[in-house]
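The values are calculated or read from the model by the stated rules, or taken from the named source; none is laboratory data. Source: prediction; values computed, not measured. So basically every Cβ, Gly included, is an ideal-geometry build from the backbone, and we count neighbours across all protein chains shown. We work out accessible area using only protein heavy atoms, side chains counted, and drop any ligands, DNA or RNA first. Shrake-Rupley method; radii C 1.70, N 1.55, O 1.52, S 1.80 Å.
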Amino acid sequence: MLITLYTSRVAIDYLGEEVYGLFSLITGVIVLGAFLTTILESTAQRFISESIALQDDKQTTISTLFSVNLVMAITLSVIVYIIGQYYIEYKLVQNVVNRETIDKIFVVAIITFIVGVVSSPLLSIFVAFERMGLYAAITFCEVISKLLLLIFLMNGKYDSVLYYSLALLTSVLISRLLAIWLLRIYIKNLKIRFGFDRNKLKRIFYYVSWNAFGSLAAIANSHGVSLIVNAFFSLNVSAYRAIALQLNSAIIQIINSVQISFNPQVVKNYTKSDYSYLSSLITVNGRVVNYLCTLIIVSLVGNVEKILELWLGDSQQYLVKFIYLMLVDIYIICQTSALVSLVQSTGKIKIYQIVVGGTMLMNIPLCYFLLGIHKSPLVVYIIPIIISLICMLERFIFVKHLNIVCLSNYIINSLLRGLLIILSLIFLKYTFLDQSIPLYLNILISISMSTFFWVIFGLKYRELQWAWSVFTSQKNNVTK
C-alpha cells in the first residue's frame, strides 16, 4: 500500500495533475483489467481449490482456465477498443496531450489489459495451494518494479506520458515472468498450457460470465463515474478523484489480502459440506477483515489533511471530502466481504449477480441525474454509499436463503460488534487525543487503541486462548 501511494505521488510529479487525470481517464481499460483480473483470479482459485478438495485432475482445470481467459481477453479488448475510440473521438474533453499520443497510450493500456487477464490464473494457483508467501513476492515485485521504472524515467528525463504507460506494462510483464519461474520451482507437475475439458469449460464459463457481469457493475461504480466527473468538472477534479481511487485501491488491496487467505478454506470446506466449521470460519473471517478495516480507518480519521500534505505536497478540500466519504463506502463494503466469498464458493451466482450487479448499475444514471440538479462532485461519493448499503442488505438475504451459516451470529459478532468498536474509537480519538501531536505518534496511538479494543471487545475468550497458544508454540519452536 505504501509503495502504491508513493508511486502515485511520483507519477503526479512526473506528469502533472492535469495529465495524470487525463491518463486515468484514457487508461480506464487498465481499471477494467484490474477488476476483471480480480474476478478471474477468484474464479480460478475457486475451481482449483475445488479440484484439490475433490482430488480431481488439477492440470485439466488449470488448462481450461487459461483457455477461457484467453478468449475473454481477446473478445473484451476488441469491444473496449471500439468503445474507447468513440469516447476519445467524440466525448473526451482535454487540450493537454496530442491525439496521436492518446491513441498510443490507449493501445498500450489494452495490451496491459490482455497480459493481466490471460495470466491471472498464475496467481490463483499459488492461492489455491495456499502458498501465500510466493503470492506476496509476486505482487510486491509488480509494485516495486513500477516505482523503480518511474524513478528511472524521471532521472532519464523521458518527459512523456507514453513512457509512463509503457512502464506500467513492463511492471506487469516482470511480475508474470517471476510467477512462471516460481511455479516451475515450487509447484511441480503443473504446466502452463492451453486446452479444455468440455464439462469443466461449461461450468467455468457459466461462472466467469456471471462474475464478469458483477465486475462490470463494480467498474460502473468507479471508472464510469469518473467519465461523468470529466463531463461535468475540470481535469483537476478528475485528478482528485483519480488520487482518491488510488488510495481506495491500496486499502482494498490490503483488505483483499486477508480475504484471499481465507478463500481456499471457504471453498474446500463448502465442497466437503463441513458447514459447522464453515460457519465459524466465515464469522472469524468477518471479524478479522473488520479489525483490519477499523485499524486503517481510525488511523486515517483526523489525519487525512496531514497525510495528503506529506504524500502530495498539498491538501485540496474536495480531495479531503472525497477520501472521508470513500472510507465510509469501504467500511460498508468490507462488512460483507466474507459473505461474498461464501456465495462465490457455492458456484450458484446467477441470481446473485443479477440482483446485486443490477443494483450497482444504478449508480451511473443516478449520479448523472443528480449532478444535473446539484453540481457538486461530492454527489458521486454519496450515491455509491447508498448503493453499497442496499447491496449489503441484498447479500444478507442471499446468505440467509443458502441456509449454510448462522447469519444472526455473523451480524452480532462481526458487524454490530465492529460498528460499536469503530464508533467508540472515533469518539475517543476526537474527544481525548490531541490532534496537534506528530502524525506518526497519532497513527501509532490509533493502531494501539484499535488493537486493544478488538482484543478486549472483539475477540472471544477461546480465540484469545488459541492466539496465545499459537504464539507460545512458535516461541518454543524458535527456542528449540
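Take GLY33 and decide whether it is among the small types (Gly, Ala, Ser), at pLDDT below 80, touching a His at 6+ places or on another chain (Cβ under 7 Å) and closer than 24 Å to LEU245 by Cα. No.
Please go through the range 117-157 and give me each residue that is more than 23 Å from ASN69 (Cβ to Cβ) and either surrounded by 15 or more Cβ atoms within 10 Å (Cβ to Cβ) or aliphatic (A, V, I, L, M) (or both), ordered by number. Of everything in the range 117-157, those that are more than 23 Å from ASN69 (Cβ to Cβ) and either surrounded by 15 or more Cβ atoms within 10 Å (Cβ to Cβ) or aliphatic (A, V, I, L, M) (or both) turn out to be ILE144, LEU147, LEU148, LEU149, LEU150, ILE151, LEU153, MET154. Remark: pairs (first residue in the range 383-398, among the charged types (D, E, K, R); second residue surrounded by 14 or more Cβ atoms within 10 Å (Cβ to Cβ); Cβ separation under 7 Å; 6+ apart in sequence or on different chains) = GLU394/VAL355; GLU394/VAL356; GLU394/THR359; ARG395/THR336; ARG395/LEU339; ARG395/VAL340; ARG395/VAL356.
Being under 29 Å from ASN269 (Cβ atoms), open to solvent by 50 Å² or more (accessible area, probe 1.4 Å) and modelled with pLDDT of 90 or more, is that true of even one residue in the range 452-461? For the range 452-461, residues under 29 Å from ASN269 (Cβ atoms), open to solvent by 50 Å² or more (accessible area, probe 1.4 Å) and modelled with pLDDT of 90 or more: absent.
Checked against the criterion of being open to solvent by 30 Å² or more (accessible area, probe 1.4 Å) and part of a loop (DSSP other than H, G, I, E, B), the candidates ASP56, ASP13 yield just one match: ASP56.
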